[in-house]
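Readers should treat all values here as calculations from the given coordinates under stated rules, not as data from a laboratory. Every value quoted in this text rests on a predicted model; they were computed, and no experiment measured them. Backbone-built Cβ (ideal geometry, glycine too); neighbour counts: all protein chains shown.
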Amino acid sequence: MPAVIFIGALLGRRFAITSIIFYILLGLFLLPVFALGGGITYFAQYGFGYILAYIPAVWLLGWALKDGLNLKSAALGVLYSVLAIHLIGIGYMAIIAMLKGDGWTFIKGWIINQSGWKIVFDYILSFALVYFT
C-alpha cells in the first residue's frame with residue numbers, strides 16, 4: 001500500500017491511475033501479479049477490494065497535492081488515501097464474506113488482522129515516502 005501511494009505522488013494523478021488500472025487488468029487477465037495469484041476469479045477474493053481501492057486512493061492523493069507538496073497537503077492526502085483503501089477494502093470484504101455465508105466473527109477478525117493497526121503503519125510509511133519524494 002505505501003508503494004501505491006508513493007507511485008501516486010511520484011507519477012501524478014493521471015499517470016498513477018493509468019498504471020494502477022494497467023496493474024489490475026494485468027493481474028486479472030494476463031499474469032498472477034497479486035498476492036494470491038491472479039485471474040478473473042480474483043474478484044471473489046476477500047482482499048480484492050483493497051486493490052480496487054488503489055484507484056480512488058491515488059485520485060484523492062492527487063487531489064490533495066494539486067496545489068503542491070507541503071506538510072499539510074502530504075498529511076491530508078496520505079490520510080485520505082490510506083483511509084480510502086482500508087474502508088473500501090473492508091466494505092468489499094464484508095460483501096464477499098456475506099455472499100459466501102461467513103459470519104460476523106470472520107468479518108471482525110479480518111478487520112482486526114488486515115486493517116487494525118496496519119492503518120497506522122501504512123500512514124506513517126506512506127507519509128514518509130510522499131513527503132520525501
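Just a few scattered comments:
- Assuming charge only on the beta carbon of Lys and Arg (+1) and of Asp and Glu (-1), the dipole of the chain about its Cα centre is about 120 debye to the nearest 20.
- Ranked by the mean number of other Cβ atoms within 10 Å of their residues, highest first, the peptides 2-9, 62-69 come out as 2-9, 62-69.
- Each Lys or Arg adds one and each Asp or Glu takes one away; over the other residues whose Cβ falls under 15 Å from the Cβ of ILE85, this sums to 0.
- Mean Cβ neighbour count within 10 Å, used as a protection proxy, ranking 18-29, 88-99 highest first: 88-99, 18-29
- Debye equation applied to the C-alpha atoms of the range 54-114, log10 I(q)/I(0) at 0.22, 0.29, 0.30 Å⁻¹: -0.79, -1.07, -1.11
- Gain on full stretching of the segment that runs from LEU10 to MET98 - 0.36 nm per residue minus C-alpha separation: 28.0 nm
- Rg over Rh [alpha-carbon atoms, Kirkwood Rh] for the chain: 1.00
- Result for the chain in a Gaussian network model with C-alpha springs under 10 Å: among TYR54, TYR42, TYR80, the largest mean-square fluctuation is at TYR42.
- Centre separation in Å (Cα based) which lies between the range 1-71 and the range 83-133: 15
- Only helices enter the 222 nm calculation for the chain: every DSSP H run of n ≥ 4 contributes -39,500 (n - 2.57), and dividing by all residues gives -22500 deg cm²/dmol, rounded to 500.
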